[in-house]
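Chemist: The structure under discussion is supplied below as structure tokens; questions concerning it will follow.
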2 protein chains.
Amino acid sequence: MENIPYKIYLAENELPTAWYNMRADMKTKPAPLLNPGTHKPLTAEEMSGIFCEELVAQELDDTTAFIPIPQEIRDFYKMYRPSPLVRAYCLEKQLGTPAKIYYKFEGNNTSGSHKLNSAIAQAYYAKKQGLKGVTTETGAGQWGTALSMACAYLGLDCKVYMVKVSYEQKPFRREVMRTYGASVTASPSMETEVGRKILAEHPGTTGSLGCAISEAVEVAVTNPGYRYVLGSVLNQVLLHQSVIGLETKAAMDKYGIKPDIIIGCAGGGSNLGGLIAPFMGEKLRGEADYRVIAVEPASCPSFTRGKFAFDFCDTGKICPLARMYTLGSGFIPAPNHAGGLRFHGMSTTLSQLYHDGYLEARAVEQTSVFKAAEQFARVEGILPAPESSHAIKVAMDEALKCKETGEEKTILFGLTGTGYFDLKAYESYNDGTMTDYIPTDEDLAVGFASLPPVPEYD
Amino acid sequence: MENIPYKIYLAENELPTAWYNMRADMKTKPAPLLNPGTHKPLTAEEMSGIFCEELVAQELDDTTAFIPIPQEIRDFYKMYRPSPLVRAYCLEKQLGTPAKIYYKFEGNNTSGSHKLNSAIAQAYYAKKQGLKGVTTETGAGQWGTALSMACAYLGLDCKVYMVKVSYEQKPFRREVMRTYGASVTASPSMETEVGRKILAEHPGTTGSLGCAISEAVEVAVTNPGYRYVLGSVLNQVLLHQSVIGLETKAAMDKYGIKPDIIIGCAGGGSNLGGLIAPFMGEKLRGEADYRVIAVEPASCPSFTRGKFAFDFCDTGKICPLARMYTLGSGFIPAPNHAGGLRFHGMSTTLSQLYHDGYLEARAVEQTSVFKAAEQFARVEGILPAPESSHAIKVAMDEALKCKETGEEKTILFGLTGTGYFDLKAYESYNDGTMTDYIPTDEDLAVGFASLPPVPEYD
């Protein structure tokens, strides 16, 4: 065994003091968000009714490479960061691979995932602006929990719209959020105009992130002193999540490790965008090369089967248009268990990078993901979230390829969180009742039919 | 803010290489386990039908101060250790106390608690002896989960008898254990003779740790190739758990910190015995002094209202007699939520130390514990287990006393685990339906009536 510890922890004084903004180094910038009525790029003024001001500035800034992390946020980060960079010695041994596998583990906090990195930033700026509270949606519940924690810490009100299927599958998530003082509503609900409309059109729907976003935005814009916050997709979120990649790179540099392949699961792109940030920066600047693989569920294949087009971020079509890989806001995925990966679209930044060939994408099926999760849990001692397990599956596949070829590649993947609140999914896997779902081309056609007409900008 | 980080992590090469055995430094040794038939001290031979051989040796050894940790166990420890020693800056600030509060956080592993420290040791020695598998009981489920993880890692069969009330309150715990390949049975069950007998006598019982122990022991002694393992109470468990205290002391020494008060929750005593070990060693040898406080639930007050007497460790009265603070093996506690603290007895080592005045004890009520837990969660960002929250409650009480007196005491407590699988309990607290239960003297009399006649040894 080499001289690299099982877990590399940075010291507190080695923690990043600024976030890194990938867009600053992109030659082709991601397209701006468009006003759905005028088809013109959304101005800061238009955005400021939805988001708080500093976040609007971060959302629009595609030239500043490093944005300082306020001291208050860095202090909060110290409660659960640095997160460990783990060398998967036990997994390597079990696979019999010459590959060296590392994972950045973001699950060691009560929200159970990396979501807290952006939640505290967004809550901090809302508080700084003197707002009363924030609204949001949550799928698997990790984002909602993270936001509840951040709001409890800062004394902000927090209203969470939780995708109904997750609300029902994960009653305990609701209680964590309540313990942190948040109000939690199953979405679609009868509390909002858009919720009532969706329920009238689809009475039996188990909801979607797109629906929940519509409800949360409606509540934010109709209640004074409230703004909407979002756990993924947006540029600001990828910016905050860059702390994952910056810590990872600092830890790797310390030990002279250079990854050949970087793997992350991708729903809206927050984890993947954060993990790859400084590595992609080097790649964009031509300083280094890395293979980067986005892993998505075969049941919701935005990258691998979606279209690169302007689309609504929400089902209710009240949000701005974003140019991204999308299945169409009308696509309602099967209620599979990777709740956090069921968004119809994808971060505009990652979409542009994918479009320009800077990253690859792979879609994997649910049962194969849980099989990998179980194997990982038994040897590495961590019960992974279903979302994270998508990355585990592909990391194991790549490590097994190295076993065939004899290549000693260094594989890095993001272990975004724990599966403690996903035991219903594990139960169905344990019972052998879990099924795979791959949408047919006809299923996808329904989603694509919901795409808006191509705006003039394009 | 001082120069002490939020979290102190030891490096891997600073991890303990030997466990510390407090008994070696005790002038009055804890009484030996007695054969319930002959009332003679249990011999190694008698024990070896229940426990594996090396564990028997550890159980009986009250003279060797340091016992080396085998390399395989140290490698496993590296998967989740060192655990952080956290400076509770945020809690101190919120309480407005001049006290300095530290906690050793053992919840950053999938079992969710410190139990894994002994589970891997016990599973390792069972494997080394060539056994097929192990049986055990579990209350809150933390021990069962820990043992399942250790057995999965080593390829041992694992049969868990889970106290019925926890089995029903915590279905997700069962799924974690199943994911790690264990079989889980609600106790009392119809699978064992003792289970059938208990069910015949108490048809509606929600079970107890004492019942579940009886069942697990019966299965171990009647199935060739199986032994019984236990997550608390025993000397061997306290020995393995000393890794908690050794790490804590090493981290504190590194920064020149000396605790004035050390606080831990106490069910069977595994966490408290482990946390205090090296500190108590100094106290026993007269090298230093520390106030040590054991915290137990008012609903199951072994230390504060129990008797120091020889008693059975199990309800079925098939286990050896141990001299300990006990409520009587016939005491069946109310089904409150601190599942891991509902054992009728207490570690013989801690019992002797308490009897000899080396530690204090305090009983606290459930709702006050959850109030402290909620406050802690909101400022420190960790959702604590109900068991651990007993220690939080008393640490906060002591910190508030310092606020009154202006004393800058250093308070150390053990945060044994997370409450992710205790959300039903949090739900009842959030809903305001949680109640307190304090047994009357008449309730206790029922338990005391079950005490066996005083054996000749005494």
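The values are calculated or read from the model by the stated rules, or taken from the named source; none is laboratory data. If you're wondering where the values come from, they're calculated on a predicted model, not measured in any experiment. Here the Cβ positions follow ideal geometry from the backbone for every residue, glycine too, while neighbour counts run over all protein chains shown. These area figures cover heavy atoms from the full protein model, side chains too; ligands, DNA and RNA do not enter into them. Shrake-Rupley method; radii C 1.70, N 1.55, O 1.52, S 1.80 Å.
Chemist: Being assigned by TED's automatic domain parsing to the domain that holds A:Leu341 and more than 17 Å from the chain's Cα centre (by Cα) is the requirement here; does A:Ile101 meet it?
Modeler: On the way: assigned by TED's automatic domain parsing to the domain that holds A:Leu341: yes; more than 17 Å from the chain's Cα centre (by Cα): yes.
Considered against the rule, which asks whether it is assigned by TED's automatic domain parsing to the domain that holds A:Leu341 and more than 17 Å from the chain's Cα centre (by Cα), A:Ile101 comes out as yes.
Chemist: Give the residues of the range B:141-152 that are crowded, with 24+ Cβ neighbours inside 10 Å and either in a helix (DSSP H, G or I) or more than 14 Å from chain A (Cβ to nearest Cβ) (or both), sorted by residue number.
Modeler: Within the range B:141-152, B:Gln142, B:Trp143, B:Gly144, B:Thr145, B:Ala146, B:Leu147, B:Ser148, B:Met149, B:Ala150, B:Cys151 qualify.
Chemist: So, one more: Being in contact (Cβ under 8 Å) with a residue 24 or more places away in the chain and within 14 Å of chain B (Cβ to nearest Cβ) narrows it down to one of A:Val176, A:Val194, so name that one.
Modeler: A:Val176
Chemist: Among the residues that make up the range A:449-458, is at least one of them in contact (Cβ under 8 Å) with a residue 24 or more places away in the chain, assigned to a helix (DSSP H, G or I) and either open to solvent by 50 Å² or more (accessible area, probe 1.4 Å) or closer than 30 Å to A:His39 by Cα (or both)?
Modeler: yes
Chemist: Has the range B:228-250 got at least one residue that is of a type in the set (S, T, N, Q) and open to solvent by 10 Å² or more (accessible area, probe 1.4 Å)?
Modeler: Yes, because at least one residue in the range B:228-250 is of a type in the set (S, T, N, Q) and open to solvent by 10 Å² or more (accessible area, probe 1.4 Å).
Chemist: Also: Identify, by number, the condition in (1) closer than 23 Å to B:Gly112 by Cα; (2) within 22 Å of the chain's Cα centre (by Cα) that A:Ala395 doesn't meet.
Modeler: (1)
Chemist: Any residue that is closer than 19 Å to A:Gln142 by Cβ, touching a residue at least 24 places away in the same chain (Cβ under 8 Å) and either in a loop (DSSP other than H, G, I, E, B) or small (Gly, Ala, Ser) (or both) - is there at least one of those in the range A:321-334?
Modeler: Looking for residues that are closer than 19 Å to A:Gln142 by Cβ, touching a residue at least 24 places away in the same chain (Cβ under 8 Å) and either in a loop (DSSP other than H, G, I, E, B) or small (Gly, Ala, Ser) (or both), one finds at least one in the range A:321-334, hence yes.
Chemist: Being more than 10 Å from chain B (Cβ to nearest Cβ), within 26 Å of B:Gly381 (Cα to Cα), in a helix (DSSP H, G or I) and open to solvent by less than 30 Å² (accessible area, probe 1.4 Å) is the filter here; which residues of the range A:59-116 pass it?
Modeler: A:Ile73, the sole residue that qualifies.
Chemist: Condition first: part of a helix (DSSP H, G or I) and in contact with a helix residue (DSSP H, G or I) (Cβ under 7 Å, 6 or more places away or on another chain). Now tell me which residues in the range A:418-448 satisfy that. Please lay out each step first, then the result.
Modeler: The initial filter retains those residues of the range A:418-448 that are part of a helix (DSSP H, G or I), namely A:423-431, A:441-448.
Of everything in the range A:418-448, those that are part of a helix (DSSP H, G or I) and in contact with a helix residue (DSSP H, G or I) (Cβ under 7 Å, 6 or more places away or on another chain) turn out to be A:Leu423, A:Lys424, A:Ala425, A:Tyr426, A:Glu427, A:Tyr429, A:Asn430, A:Leu444.
Chemist: Kindly provide the set of residues from the range A:41-67 that are of a type in the set (Ser, Thr, Tyr) and in contact (Cβ under 8 Å) with a residue 12 or more places away in the chain, ordered by number.
Modeler: A:Thr63, A:Thr64
Chemist: Go through (1) in contact with a helix residue (DSSP H, G or I) (Cβ under 6 Å, 6 or more places away or on another chain); (2) aliphatic (A, V, I, L, M); (3) under 13 Å from A:Ile332 (Cβ atoms) and name the single condition A:Leu209 misses.
Modeler: For A:Leu209, the failing item is (1).
Chemist: Being open to solvent by 20 Å² or more (accessible area, probe 1.4 Å) and either assigned by TED's automatic domain parsing to the domain that holds B:Pro30 or not basic (Lys, Arg) (or both) is the filter here; which residues of the range B:321-332 pass it?
Modeler: B:Tyr325, B:Gly330, B:Ile332
Here's the yes/no breakdown for (1) in contact with a strand residue (DSSP E or B) (Cβ under 7 Å, 6 or more places away or on another chain); (2) under 17 Å from A:Tyr77 (Cα atoms):
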site: A:Lys128; (1), (2): no, no
site: A:Ala152; (1), (2): no, yes
site: A:Asp157; (1), (2): yes, no
site: A:Phe172; (1), (2): no, no
site: A:Glu175; (1), (2): no, no
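Chemist: Name every residue in the range B:398-448 that is within 14 Å of chain A (Cβ to nearest Cβ), open to solvent by 10 Å² or more (accessible area, probe 1.4 Å), among the polar types (S, T, N, Q) and in contact (Cβ under 8 Å) with a residue 12 or more places away in the chain, in order of residue number.
Modeler: If the condition is that a residue be within 14 Å of chain A (Cβ to nearest Cβ), open to solvent by 10 Å² or more (accessible area, probe 1.4 Å), among the polar types (S, T, N, Q) and in contact (Cβ under 8 Å) with a residue 12 or more places away in the chain, then B:Ser428 is the only one that fits.
Chemist: While we're here: Checking A:Gly267 against (1) modelled with pLDDT of 95 or more; (2) under 17 Å from the mean Cα position of the chain (by Cα), which single condition isn't satisfied?
Modeler: Only one criterion is unmet by A:Gly267, namely (1).
Chemist: Right, something else. Tell me which of these A:Tyr161 doesn't satisfy, since it passes every other one: (1) modelled with pLDDT under 95; (2) over 25 Å from B:Gln375 (Cβ atoms).
Modeler: (1)
Chemist: Name the residues in the range B:1-28 that are within 14 Å of chain A (Cβ to nearest Cβ), of a type outside the set (Lys, Arg) and in a strand (DSSP E or B), would you?
Modeler: Step one: filter the range B:1-28 for residues within 14 Å of chain A (Cβ to nearest Cβ), giving B:1-15.
Next cut, of a type outside the set (Lys, Arg) only: B:1-6, B:8-15.
Across the range B:1-28, the qualifying residue is only B:Ile8.
Chemist: Hey, does the range A:333-355 have a residue that's touching an Asp or Glu at 6+ places or on another chain (Cβ under 8 Å), surrounded by fewer than 22 Cβ atoms within 10 Å (Cβ to Cβ) and modelled with pLDDT under 95?
Modeler: Scanning the range A:333-355, I find no residue that is touching an Asp or Glu at 6+ places or on another chain (Cβ under 8 Å), surrounded by fewer than 22 Cβ atoms within 10 Å (Cβ to Cβ) and modelled with pLDDT under 95, so the answer is no.
Chemist: Name the residue, out of B:Ser187, B:Ser166, that is modelled with pLDDT under 90, open to solvent by less than 10 Å² (accessible area, probe 1.4 Å) and under 29 Å from A:Arg378 (Cα atoms).
Modeler: Step by step, each of B:Ser187, B:Ser166 is checked, and only B:Ser166 is modelled with pLDDT under 90, open to solvent by less than 10 Å² (accessible area, probe 1.4 Å) and under 29 Å from A:Arg378 (Cα atoms).
Chemist: Here's something else I'd like to know. If a residue has to be farther than 30 Å from A:Ser48 by Cβ, open to solvent by less than 10 Å² (accessible area, probe 1.4 Å) and not hydrophobic (A, V, I, L, M, F, W, C) to count, how many in the range A:291-319 make the cut?
Modeler: Residues meeting the conditions: 4.
Chemist: Is it fair to say A:Glu45 is more than 20 Å from the chain's Cα centre (by Cα), loosely packed, with under 14 Cβ neighbours inside 10 Å and assigned to a helix (DSSP H, G or I)? Give the steps one after another, and end with the answer.
Modeler: Details: more than 20 Å from the chain's Cα centre (by Cα): yes; loosely packed, with under 14 Cβ neighbours inside 10 Å: yes; assigned to a helix (DSSP H, G or I): yes.
Against the criterion (more than 20 Å from the chain's Cα centre (by Cα), loosely packed, with under 14 Cβ neighbours inside 10 Å and assigned to a helix (DSSP H, G or I)), A:Glu45 qualifies.
Chemist: Next question, about the same structure. In the list A:Thr28, A:Thr38, which residue meets the criterion of being touching a residue at least 40 places away in the same chain (Cβ under 8 Å) and more than 22 Å from A:Arg227 (Cα to Cα)?
Modeler: A:Thr28
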